[in-house]
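Presented below is the structure to which this report refers.
The values are calculated or read from the model by the stated rules, or taken from the named source; none is laboratory data. Remember, it's a predicted structure, so these values are computed and weren't measured experimentally. A quick note on method: Cβ atoms are made from the backbone with ideal geometry, for glycine too, and the neighbour counts reach across all protein chains shown.
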Amino acid sequence: MGERAREGLRAYRLIAAMWMRSTMMYRTSFALTMAGNLLVTGLDFATILLMFSRVDSLGGWSLPEVAFLYGLSATAFGFADLVLGSMDVLGTRIRDGSFDMLLVRPAPVLAQIGADHFALRRLGRVVQGAVVLGWALVSAGIDWTPAKVLLVPLMLGAGAAIFCALFVAGAAFQFLAQDAAEVQNSFTYGGTTLLQYPPTVFGKDFVRGVTFLLPLAFVNWVPAAYVLGRPYPLRLPAWAAWSPPLVAVVCCALAGLAWRAGLRAYRSTGS
């Protein structure tokens, strides 16, 4: 298993490097695309700023606190989108028969799909989210302790892993549906959008769903409640703030099983 993982990482690195070299052949185009990406992703936070121009709080949360949620979600998702954001091309490859070519190459298929059309411009989402997060960390009036300082990078790493698991699981579903990119995006891009807002603006049944069924709440809602000194969603126990890494491991394991099951069930188009 260790050797297989190293082989996959090496293949991913080589394919991603190839796409980056291709991108950097046109540096002006890359710079403009990167700037456009920063502008578009920044509109999400601009929407939140417009809301707070009319209200003092959102669901009882102040602007810096909502910015903290936004920064965590956007940065974690940005890393996952940078690494595995091309997974939604799997459905297209299955339909046009080009997926069969990946099966005969001497490299893990998941690494090939993950690095396919690697887009360095997606780094703009990470930068934009990190800027908002940095401002929130300074402005939210957090009573810092060593535990809270440690929890912030743990949240980012675990959140990125949870979103990566969603990308892989969504791609596995496309083995069955073959045209499910929008369904996959509703859980990935849609998931990061809902996490930008506090859980108090959603119904309890919805919060239960994204906590116990699709554990997006562990990306930021649950650990952020500990950092900000707010009540936990659904009155979860205090130790739940430290569970995101465990949740991430479970999500990645389940996504891996789904991927292997989908790959075994794949039948060539015959083209």
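So, of the residues in segment 15-31 that are of a type in the set (Ser, Thr, Tyr) and either at pLDDT 85 or above or assigned to a loop (DSSP other than H, G, I, E, B) (or both), which turns out to be farthest from residue 109 (Cα to Cα)?
Ranking the candidates gives 28 first.
Quick check on residue 46: is it exposed (fewer than 13 other Cβ atoms within 10 Å of the Cβ) and either aliphatic (A, V, I, L, M) or within 30 Å of residue 225 (Cα to Cα) (or both)?
yes
How do the pairs read when you match residues in segment 195-214 that are under 22 Å from residue 65 (Cβ atoms) with residues anywhere that are of a type in the set (Asp, Glu) and part of a helix (DSSP H, G or I), using Cβ under 7 Å and keeping only pairs 6 or more apart or on different chains?
These pairs meet every condition: 196/44.
Looking only at segment 33-55, count every residue that is more than 25 Å from residue 222 (Cβ to Cβ) and either more than 24 Å from the chain's Cα centre (by Cα) or modelled with pLDDT of 90 or more (or both) and tell me the total.
5
Read through the list (1) of a type in the set (S, T, N, Q); (2) surrounded by fewer than 18 Cβ atoms within 10 Å (Cβ to Cβ); (3) in contact (Cβ under 8 Å) with a residue 12 or more places away in the chain, then give the number of the only condition that residue 186 fails.
Every listed condition holds for residue 186 apart from (3).
Based on what the data block shows, is residue 54 exposed (fewer than 15 other Cβ atoms within 10 Å of the Cβ) and either under 29 Å from residue 268 (Cβ atoms) or of a type outside the set (A, V, I, L, M) (or both)?
yes
Quickly run through segment 215-265 and pick out the residues that are surrounded by 15 or more Cβ atoms within 10 Å (Cβ to Cβ) and not in a helix (DSSP H, G or I).
215, 219, 220, 230, 232, 236, 243
Determine if segment 32-53 includes at least one residue that is within 30 Å of residue 106 (Cβ to Cβ) and out of contact with any helix residue (DSSP H, G or I) (no Cβ under 9 Å at 6 or more places or on another chain).
No, segment 32-53 contains no residue that is within 30 Å of residue 106 (Cβ to Cβ) and out of contact with any helix residue (DSSP H, G or I) (no Cβ under 9 Å at 6 or more places or on another chain).
Report yes if some residue within segment 145-152 is under 16 Å from residue 75 (Cα atoms) and part of a helix (DSSP H, G or I); otherwise report no.
yes
Please work out which residue is farthest from residue 81 (Cα to Cα), limiting yourself to segment 191-213 and to residues that are loosely packed, with under 15 Cβ neighbours inside 10 Å and of a type in the set (A, V, I, L, M, F, W, C).
Within segment 191-213, the match that is farthest from residue 81 (Cα to Cα) is 201.
With the checklist (1) modelled with pLDDT of 90 or more; (2) surrounded by 14 or more Cβ atoms within 10 Å (Cβ to Cβ); (3) of a type outside the set (Asp, Glu) in hand, flag the one item residue 138 doesn't pass.
Condition not satisfied by residue 138: (2).
Is it the case, given these coordinates, that residue 46 is touching a residue at least 60 places away in the same chain (Cβ under 8 Å) and either in a helix (DSSP H, G or I) or closer than 21 Å to residue 160 by Cβ (or both)?
no
From (1) in contact (Cβ under 8 Å) with a residue 60 or more places away in the chain; (2) surrounded by fewer than 21 Cβ atoms within 10 Å (Cβ to Cβ), pick out the condition that doesn't hold for residue 25.
So residue 25 meets the others, but not (1).
Could you tell me whether any residue of segment 68-90 is closer than 23 Å to residue 158 by Cβ, modelled with pLDDT of 90 or more and not in a helix (DSSP H, G or I)?
No, there is no match, as no residue in segment 68-90 is closer than 23 Å to residue 158 by Cβ, modelled with pLDDT of 90 or more and not in a helix (DSSP H, G or I).
So how many residues does segment 237-254 have that are aromatic (Phe, Trp, Tyr) and touching a residue at least 60 places away in the same chain (Cβ under 8 Å)?
Matching residues across segment 237-254 total 1.
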